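**Q** There's a structure below that I have some questions on.
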Amino acid sequence: MTAERYAVAVVGAGYVGLPLAATFAEAGCRVLVVDVLDDVVAGINRGESHIEDVGGGRLGPLVERGLLRATTDYAELPAAEAILIALPTPLSRQREPDLRIVEAAARRIAPLLREGQVVVLESTTYPGTTCELLQPILELGSGLKAGESFFLAMSPERVDPGRDDWTTKTTPKVLGGVTPECTRRAAAVYRRAVDTVHELSTPEAAELTKLLENIFRSVNIALVNELAQLCDRMGIDVWEVVGAASTKPFGFMPFRPGPGLGGHCIPIDPFYLTWKAREFGFYTEFIELAGKVNESMPYFCRSLVSQALNHHSQKAMKGSRILVLGVAYKPDIGDTRESPALKLISLLRNAGADVSYHDPHVPRFSENGIELESAPLDPAAHDCVVIVTDHSSIDYERLVDDASLVVDLRNATGEKGTTSPKVFKL
């Protein structure tokens, strides 16, 4: 075991853990990053980042100054004052929480816990995880008592990949401890690196806060996605309607339709709560309906492509050359997690289309048996271009000029797309 001491150890070097570690290091804290992947750890120790939000120019100097180091060895954790767990919490194929990664890490951490350490769970999960799952594992494996000999809290991550106006440092941190002293000690850890810490009464309140934030977005996106389908039947431009409603300075917050939800949070988090609610004999019908609407959008968008080909080009879907523009789940990043583009590509291929994609941020991807590389942006070489992700680097006016047919699922073509007879909008 190393004789070095660390203010913080971050378990998990993913899109949450590495930015968190870098933020603490930038505040002058010595940080240990623990991850199970040898190549990730080796890269970090060379100052090379695998996470877009932490560039090499940011990570390298922290490593060189000895403020941040990575390891695969959990045995180094006793050298840290606080252990922050930032590990994935996916859903099973049955859409139920899969906490095996967090649970396995907790079992490795437990026998290494020492008196006075702070442990915080950052992973998004259902209310009760910290107290019902994590606390018993840590107490049994360590022989220590939470709130007395070590201090346990929950502080869910609030990372939005690709944005720089709100960062790990500037985004307020919500936090709830198992006891008031747990809350106080965990809050003191975060206040060393984060501008604002909002203390809650319990871990359950913190866990549910994160779910509410993303359920709010899921439900409102579902509302406008449903409206988009109605507007299609009524012959009304949904983008014009949303834009007009946005002029109201109070009582309205704009959400925009699209081909579905992407990212780790919004498509997944609501199902943590629907699963947990059943334990209390409660059914979250509103949330589940929103999920149903959002998950149906790739199917609706496939139909739009088919209609556009039939009406504009008198072509069937089968055999048509279709270019999907953008496969990342949001603009200007390379993250394809849960991207609706992947589902739409699968649906178009199943309908017989010859599908390729162009994305300046995603050179290649492999998903559900589909392996593709980004093709050159040559709209004229395709029967239809489908705009799925509206990356800012694309010249959409020129795209409209060059393409035979465009299906715009993001209103990226703007006014030109509204007036052009060869542009079909969601």
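**Q** So, restricting to strands (runs of 3 or more DSSP E) that lie completely within segment 334-426, which ones have at least 1 residues that are within 23 Å of the chain's Cα centre (by Cα) and touching a residue at least 24 places away in the same chain (Cβ under 8 Å)?
**A** Hits in segment 334-426: 354-358, 364-367, 370-373, 384-387.
**Q** Between a residue in segment 274-290 that is part of a helix (DSSP H, G or I) and any residue that is of a type in the set (A, V, I, L, M), which pairs come within a Cβ distance under 6 Å, given they are 6 or more apart or on different chains?
**A** So the pair list comes out as Thr274/Ile287; Ile287/Ile215; Ala290/Val219; Ala290/Ala222.
**Q** Looking at segment 131-154 only, could you name the residues that are open to solvent by less than 40 Å² (accessible area, probe 1.4 Å) and in a loop (DSSP other than H, G, I, E, B)?
**A** Leu144, Gly147, Ser149
**Q** Check off (1) in contact with a strand residue (DSSP E or B) (Cβ under 8 Å, 6 or more places away or on another chain); (2) touching a residue at least 24 places away in the same chain (Cβ under 8 Å); (3) not basic (Lys, Arg) for Asp98 and give me the number that stays unchecked.
**A** It fails just one condition, (2).
**Q** Run down Ala316, Ala308, Ala328 and say which single residue is touching a Phe, Trp or Tyr at 6+ places or on another chain (Cβ under 6 Å) and more than 27 Å from Thr130 (Cβ to Cβ). It would help to see each step written out before you state the result.
**A** Values: Ala316 fails: touching a Phe, Trp or Tyr at 6+ places or on another chain (Cβ under 6 Å); Ala328 fails: touching a Phe, Trp or Tyr at 6+ places or on another chain (Cβ under 6 Å).
After ruling out the rest, the residue left standing is Ala308.
**Q** Taking Ile322 as the residue in question, decide whether it is touching a Leu at 6+ places or on another chain (Cβ under 8 Å), assigned to a strand (DSSP E or B) and open to solvent by less than 20 Å² (accessible area, probe 1.4 Å). Steps first, answer last, please.
**A** Details: touching a Leu at 6+ places or on another chain (Cβ under 8 Å): yes; assigned to a strand (DSSP E or B): yes; open to solvent by less than 20 Å² (accessible area, probe 1.4 Å): yes.
Answer is yes for this residue.
**Q** Among residues belonging to segment 79-106 that are outside any loop (DSSP other than H, G, I, E, B) and open to solvent by 20 Å² or more (accessible area, probe 1.4 Å), point out the one that is farthest from Ile266 (Cα to Cα).
**A** Checking each candidate, the answer is Glu81.
Let's see how each residue does on (1) among the aliphatic types (A, V, I, L, M); (2) surrounded by fewer than 17 Cβ atoms within 10 Å (Cβ to Cβ):
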position: Met234; (1), (2): yes, yes
position: Lys248; (1), (2): no, yes
position: Gly263; (1), (2): no, no
position: Thr274; (1), (2): no, no
position: Phe280; (1), (2): no, yes
position: Leu309; (1), (2): yes, no
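**Q** Look at Thr202 and say whether it is more than 18 Å from Glu103 (Cα to Cα), under 26 Å from the mean Cα position of the chain (by Cα) and among the polar types (S, T, N, Q).
**A** Working: more than 18 Å from Glu103 (Cα to Cα): yes; under 26 Å from the mean Cα position of the chain (by Cα): yes; among the polar types (S, T, N, Q): yes.
Judged against the criteria, Thr202 is a match.
**Q** Check whether at least one residue in segment 112-127 is within 17 Å of the chain's Cα centre (by Cα), assigned to a loop (DSSP other than H, G, I, E, B), more than 20 Å from Ala187 (Cα to Cα) and of a type in the set (D, E, K, R), and report yes or no.
**A** No, every residue in segment 112-127 fails to be within 17 Å of the chain's Cα centre (by Cα), assigned to a loop (DSSP other than H, G, I, E, B), more than 20 Å from Ala187 (Cα to Cα) and of a type in the set (D, E, K, R).
**Q** Considering segment 201-216 alone, what residues qualify as being buried (at least 18 other Cβ atoms within 10 Å of the Cβ) and part of a helix (DSSP H, G or I)?
**A** The answer is Pro203, Glu204, Ala206, Glu207, Leu208, Thr209, Lys210, Leu211, Asn214, Ile215.
**Q** Here is a list: Val385, Val362, Val305. Which entry is open to solvent by less than 40 Å² (accessible area, probe 1.4 Å), over 30 Å from Thr274 (Cα atoms) and in contact with a Pro (Cβ under 6 Å, 6 or more places away or on another chain)?
**A** Val385
The values are calculated or read from the model by the stated rules, or taken from the named source; none is laboratory data. Computed from a prediction, not measured in an experiment: that's the story for all the values here. Using ideal geometry, Cβ is built from the backbone for each residue, glycine included, and neighbour counts are taken over all protein chains shown. Note: accessible area is taken over every heavy atom of the protein model, side chains too, but ligands, DNA and RNA are not part of it. Shrake-Rupley method; radii C 1.70, N 1.55, O 1.52, S 1.80 Å.
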